[in-house]
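K.L.:
Structure below; questions to follow.
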Amino acid sequence: MENVKCLIIGSGPAGYTAAIYAARADIHPVLYTGLQPGGQLTTTNEVENFPGYPEGVTGPQLMEDLQQQARRFNTDIRMGIVTRADLSHRPFHVMADDGAEIMAETIIIATGATARYLGLPSEQLFKGRGVSACATCDGFFYRGQDVAVVGGGDTAAEEATYLARMCRKVFLIHRRNELRACKAMQHRVMNTSNLEVVWDHLPVEVLGDIKGVNGVLIEHVKTHARQKLEIQGLFIAIGHVPNTELFKGQLTLDQNGYIVTEPGSTKTAVDGVFACGDVQDHVFRQAVTAAGTGCMAALEAERFLASIES
């Protein structure tokens, strides 16, 4: 049995930032990277909106830099996943796939969220080379070009209208004959001149070459007739799934499965457990905001430890 003051679960911008702050506070954090070390950013080729990189940086390089910074302050970074966490009493009993059994005084959850994709093999082939799940992150690269957004909810409508401000043409591909987005967002979509809704269609294949995406093949849901849309970017906006399976029944989750934290805080419903990044943020979902909440979680964990040790 291993005793630690602070266990961090997850290794995206939130997890690594929490590790940097916790390590500098001398609380010797242990961090488990999870199945995808570095999180969603490792699938992003270019990041131009993270402070401190005036020329931009690749997602994998950014995460490598954050990891090295966390290591510099002696964070114990372990490749692997946490398989069980008992939050019923403190210290919290945690087990990992490397066989470690840990008693943790505090836990910082930074497990993130996973974007829903369509499940097409060609979609995976072009992920990061024309296929994206974040218009705010990647829309800039498609200025003056033609793109498509897949989805019909508020997120899809918001991303489509956002892209329409910088792209020449935006197709909004939806499998139904009406949007699920709120009336205000629907009105905005219908009144955007360079935005065309393609009703009753689903993408069946992403088209492209060594340079990236150059089109998408779509199929009518009733007639099964197919057509090609010539585009340079395809944005999937059919939702995200927070990685909270481990904590169901132990923490308060909202209707979509995100961890509920106190307003202006990373505190969860369990004292000594904090949540940061996309696992508790379904609004902004940016690397810089995730990093900010990672800082908050580490500071709050430090203060919690000080309060129980005094």
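The values are calculated or read from the model by the stated rules, or taken from the named source; none is laboratory data. These figures come from a predicted structure and were not determined experimentally. Cβ placement follows ideal geometry from the backbone for every residue including glycine, while neighbour counts extend to all protein chains displayed.
K.L.:
Give me a count of the residues in the stretch 25-69 that are closer than 20 Å to Thr106 by Cα and under 20 Å from the mean Cα position of the chain (by Cα).
P.N.:
4
K.L.:
Turning to a different aspect of this structure: Which residues, taken from the stretch 1-46, are touching a Phe, Trp or Tyr at 6+ places or on another chain (Cβ under 7 Å) and buried (at least 20 other Cβ atoms within 10 Å of the Cβ)?
P.N.:
Hits for the stretch 1-46 are Ile9, Ile20, Ala23.
K.L.:
Here are some residues: Val241, Val260. Which one is within 25 Å of Ile81 (Cβ to Cβ) and modelled with pLDDT under 95?
P.N.:
Val241
K.L.:
I'd like to verify a number: residues in the stretch 185-201 that are part of a strand (DSSP E or B) and loosely packed, with under 15 Cβ neighbours inside 10 Å, how many?
P.N.:
Of the residues in that region, 0 qualify.
K.L.:
Inspect the stretch 19-33 for any residue being in contact with a helix residue (DSSP H, G or I) (Cβ under 8 Å, 6 or more places away or on another chain) and without any contact (Cβ under 8 Å) to a residue 12 or more places away in the chain and give the result as yes or no.
P.N.:
No, the stretch 19-33 contains no residue that is in contact with a helix residue (DSSP H, G or I) (Cβ under 8 Å, 6 or more places away or on another chain) and without any contact (Cβ under 8 Å) to a residue 12 or more places away in the chain.
K.L.:
Just one of (1) closer than 23 Å to Thr33 by Cα; (2) without any contact (Cβ under 8 Å) to a residue 40 or more places away in the chain; (3) in a loop (DSSP other than H, G, I, E, B) trips up His282, so point out which.
P.N.:
Exception for His282: condition (2).
K.L.:
Take the residues of the stretch 79-103 that are within 21 Å of the chain's Cα centre (by Cα) and in a strand (DSSP E or B): which is surrounded by the fewest Cβ atoms within 10 Å (Cβ to Cβ)?
P.N.:
Residue satisfying both the conditions and the ranking: Thr83.
K.L.:
OK, next. Go over the candidates Gly128, Gly139, Gly153 one by one and state the one that is touching a Lys or Arg at 6+ places or on another chain (Cβ under 7 Å), farther than 11 Å from Gln232 by Cβ and touching a residue at least 24 places away in the same chain (Cβ under 8 Å).
P.N.:
Gly153
K.L.:
For the stretch 165-204, which positions are within 25 Å of Ala225 (Cα to Cα), under 25 Å from the mean Cα position of the chain (by Cα) and of a type outside the set (A, V, I, L, M)?
P.N.:
Residues satisfying the conditions are Phe171, His174, Arg175, Arg180, Pro203.
K.L.:
Scan the stretch 165-184 and tell me whether some residue there is touching a helix residue (DSSP H, G or I) at 6+ places or on another chain (Cβ under 9 Å), outside any helix (DSSP H, G or I), of a type in the set (S, T, N, Q) and touching a residue at least 12 places away in the same chain (Cβ under 8 Å).
P.N.:
Taking every residue of the stretch 165-184 in turn, none turns out to be touching a helix residue (DSSP H, G or I) at 6+ places or on another chain (Cβ under 9 Å), outside any helix (DSSP H, G or I), of a type in the set (S, T, N, Q) and touching a residue at least 12 places away in the same chain (Cβ under 8 Å).
K.L.:
Quick one: would you say Phe284 is of a type outside the set (Lys, Arg), out of contact with any helix residue (DSSP H, G or I) (no Cβ under 8 Å at 6 or more places or on another chain) and at pLDDT 95 or above?
P.N.:
Considered against the rule, which asks whether it is of a type outside the set (Lys, Arg), out of contact with any helix residue (DSSP H, G or I) (no Cβ under 8 Å at 6 or more places or on another chain) and at pLDDT 95 or above, Phe284 comes out as no.
K.L.:
I'm told Glu158 meets every condition in (1) surrounded by fewer than 17 Cβ atoms within 10 Å (Cβ to Cβ); (2) acidic (Asp, Glu); (3) part of a helix (DSSP H, G or I) except one. Can you identify the failing condition by its number?
P.N.:
(1)
K.L.:
Among the residues of the stretch 224-242, is any without any contact (Cβ under 8 Å) to a residue 24 or more places away in the chain and either outside any strand (DSSP E or B) or outside the structural domain of Arg143 (by TED's automatic domain parsing) (or both)?
P.N.:
Within the stretch 224-242, one or more residues are without any contact (Cβ under 8 Å) to a residue 24 or more places away in the chain and either outside any strand (DSSP E or B) or outside the structural domain of Arg143 (by TED's automatic domain parsing) (or both).
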